[in-house]
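Note sheet for the following structure.
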Amino acid sequence: MRLTAALCLALAMTLAACRDGNAPTSQTALPQVTVTRPLARQVREQIDLNGTVAPSATVTLVARVQGTLKEIGFTDGAYVKEGQLLFRIESDTYRAQLVYDQAALDNAEQELTRQKQLTSDNATSESTLQKAQTTRDQAIAKRDMSRINLGYTEIRAPFAGRIGARAFDAGNVVGASDSAKLATLDRIQPVYVNFTLNERDANRIGLFTRPPRTVRVNVLGAPAAPGENAALEFVDTRVDADSGTLRLRADIANPDAHLIPGMSVEVHIPAGAPHDVLLVPDTALLREQAGAFVLIVNGAGVIERRTVTAGGLFGALRAITAGLDANDRVVTGGALAVSPGVKVQVIAAAAQGRS
């Protein structure tokens, strides 16, 4: 009897402890999710494309005359100003040739003057005068050519831009062949953005009748960035028959030179008039073969599946054109651990939209 009483007492104490909260409750066992309310905004649908940055001008600097490279006036990869001295080739030979040819021209001028005087006095023939004039004209041409060659000993930047690595160091003989490239200079303010557009989308935005004047450009991999305006300044005259696409080019100021040739960028072309939509984080959108849907938490705290019609992407937000209400609580975190009909606990509201 004493043993039975002790067992009963132990069982009573255990039940009391469970009632005091030592056992888990149904509330703490609920799966936890984060939610956000859709953000109402006016947007304009756009076509998203990939483009490539190209310099707005490129020049290959070559030695037009032969000689020893005496001076290099830049650092590889640096920005140079228009007119800045880039290369200097030894000029002594070309300067001496100019002096010689100038002296020959002076002599030819004097001889022509003398022959003119003799002709007026009928002391020489007309053919002698014509020969003197030809000699003078040839001397002018040789003098001018010497002056041009002397100018070629200095190679200056034809425009401001960024210059690549030099192909020769000072002390090398350059100009021995026409293909002796010294360096390449690119103008990157502004830059071009080259991209292609398929024929269907071209007709959709009225490219052939009322083309957009600007497009938006942002660096690939940074979709949340607002991008920069770029002028649509070239549309090709024909559609490529093999790919069904059209080549286009935009011109962007690139004031801070953050876009460099060869870089991949995103190009966004406006399509259609502005209209009101609801925006949700793109990560909240779930897709399957039947279409797109989101999970929402209803007033009773239960997960519901809501089929939606998705529109364009605006930064990190996806436009929802049908299927959602502005007061819906859209699940943005924990969706993989829940399913429709499950009661959940909302632990926090995401920063997007209203909580």
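The values are calculated or read from the model by the stated rules, or taken from the named source; none is laboratory data. Here the structure is a predicted model, which means the values were calculated and not measured. A quick note on method: Cβ atoms are made from the backbone with ideal geometry, for glycine too, and the neighbour counts reach across all protein chains shown.
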Residue satisfying condition, being aliphatic (A, V, I, L, M) and modelled with pLDDT of 90 or more, within set Val219, Val239
Val239
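State yes or no: is Leu39 among the aliphatic types (A, V, I, L, M) and within 30 Å of Ala284 (Cβ to Cβ)?
Working: among the aliphatic types (A, V, I, L, M): yes; within 30 Å of Ala284 (Cβ to Cβ): yes.
It is true that Leu39 is among the aliphatic types (A, V, I, L, M) and within 30 Å of Ala284 (Cβ to Cβ).
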Checklist (1) in contact with a Pro (Cβ under 9 Å, 6 or more places away or on another chain); (2) free of Cβ contacts under 8 Å to residues at least 60 places away in the same chain applied to Thr309, failing item:
(1)
Of the residues that make up the range 84-97, is at least one closer than 30 Å to Asn218 by Cβ, touching a residue at least 40 places away in the same chain (Cβ under 8 Å), surrounded by 15 or more Cβ atoms within 10 Å (Cβ to Cβ) and not assigned by TED's automatic domain parsing to the domain that holds Arg136?
no
Matching option when the condition is at positive phi and either in the same structural domain as Val215 (by TED's automatic domain parsing) or buried (at least 19 other Cβ atoms within 10 Å of the Cβ) (or both), among Ala257, Ala253
Ala257
Might you check whether a residue that is surrounded by 11 or more Cβ atoms within 10 Å (Cβ to Cβ), outside any strand (DSSP E or B) and at pLDDT 90 or above occurs anywhere in the range 41-64?
yes
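Residue-by-condition table, conditions (1) within 25 Å of Lys81 (Cα to Cα); (2) outside the structural domain of Leu246 (by TED's automatic domain parsing); (3) surrounded by 15 or more Cβ atoms within 10 Å (Cβ to Cβ):
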residue: Ala123; (1), (2), (3): no, yes, no
residue: Lys142; (1), (2), (3): no, yes, yes
residue: Ile163; (1), (2), (3): yes, yes, yes
residue: Gly175; (1), (2), (3): yes, yes, yes
residue: Thr196; (1), (2), (3): no, no, yes
Take the conditions within 46 Å of the chain's Cα centre (by Cα) and surrounded by fewer than 18 Cβ atoms within 10 Å (Cβ to Cβ) and apply them to Arg114. Does it pass?
no
Gln97 passes all but one of the listed conditions (1) under 23 Å from Ala180 (Cα atoms); (2) polar (S, T, N, Q); (3) not in a loop (DSSP other than H, G, I, E, B); the exception is number (1)
